[in-house]
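Just so it is clear, none of the values below were taken in a lab; they were calculated from the coordinates. Not measured: the values here are computed from a predicted model. All Cβ positions, even for glycine, are placed from backbone atoms using ideal geometry, and neighbour counts span all protein chains on display.
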Amino acid sequence: MRSSFVFVLIAPLFVVAAHAADLEHGAQVFRKCATCHMVGPDAKAKLGPPLNGLIGRKTGSIEGYNYTDANKNSGLTWDDETFTRYIKDPKGVIPDTKMSFAGLKDDDDIKDLLAFLKQFKADGSK
Ligand code: HEC
């Protein structure tokens with residue numbers, strides 16, 4: 001009786017933990033982006049722009065990076081919703097983007113990646 005009471009009390013905590021964003025996993029997922037993108041204080045443009053301070057800024061707003069007009073003029077601001085849609089299917093959201101990436105399928109991958117990226121402020125610090 002007593003042990004089942006404790007279980008009922010504790011079980012929801014594990015459910016919450018399992019759904020909390022996992023930054024380490026997010027960093028692993030970012031390896032798929034890292035051929036083309038950098039984050040952190042020394043981030044520079046590679047094939048794609050640095051992804052520091054992404055959430056809250058407009059598409060195509062990193063100074064000096066040569067974006068396509070499609071990306072620059074999409075009219076979108078990066079937030080949880082636009083990022084999630086885009087990273088599932090980049091060309092579905094910005095049809096003429098030059099980012100050739102098929103997209104991520106797994107919702108947990110996307111959530112953890114987003115949490116990982118959100119750590120980096122515009123200057124690349126955490
Ligand atoms: C093969 C190279 C490549 C890979 C892999 C790649 N990207 Fe990109 N990404 C680009 C390029 C190039 C652009 C610029 C797009 C344009 O100007 O049309 C871009 C643009 C973006 C933008 C828009 C940035 C802005 O400032 O508006 C985001 C967000 C983004 N990528 C996220 C990601 C994430 C997250 C991943 C990994 C899941 C990823 N990309 C994987 C090449 C890549």
Cβ pairs under 8 Å, 6+ apart, first in segment 85-97 and on the phi < 0 side of the Ramachandran plot, second exposed (fewer than 15 other Cβ atoms within 10 Å of the Cβ) and among the acidic types (Asp, Glu): 96/69
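Just for segment 68-93: of the residues that are of a type in the set (A, V, I, L, M) and within 21 Å of residue 109 (Cα to Cα), which one is surrounded by the most Cβ atoms within 10 Å (Cβ to Cβ)? Show your work before the answer.
At the first step, the residues of segment 68-93 found to be of a type in the set (A, V, I, L, M) are 70, 76, 87, 93.
From what is left, the residues that are within 21 Å of residue 109 (Cα to Cα) are 87, 93.
On the way: 87: 21, 93: 18.
The qualifying residue surrounded by the most Cβ atoms within 10 Å (Cβ to Cβ) is 87.
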Selected residue (criterion: farthest from the chain's Cα centre (by Cα)) from residues of segment 43-56 that are over 21 Å from residue 105 (Cβ atoms) and near the ligand (Cβ under 7 Å from one of its atoms): 47
Count - residues of segment 23-67 that are buried (at least 17 other Cβ atoms within 10 Å of the Cβ), assigned to a loop (DSSP other than H, G, I, E, B) and either in contact with a helix residue (DSSP H, G or I) (Cβ under 6 Å, 6 or more places away or on another chain) or at negative phi (or both): 15
Answer from 64, 40, 75 - the residue that is within 23 Å of residue 21 (Cβ to Cβ), more than 8 Å from the ligand (Cβ to nearest atom) and not aliphatic (A, V, I, L, M): 40
Near pairs, Cβ below 9 angstrom, 6+ apart or cross-chain, from segment 100-114 (under 21 Å from residue 47 (Cβ atoms) and in contact (Cβ under 8 Å) with a residue 40 or more places away in the chain) to any residue that is away from the ligand (no atom under 11 Å from the Cβ) and among the basic types (Lys, Arg): none
Residue tally, condition under 21 Å from residue 115 (Cα atoms) and within 6 Å of the ligand (Cβ to nearest atom), over segment 79-98: 1
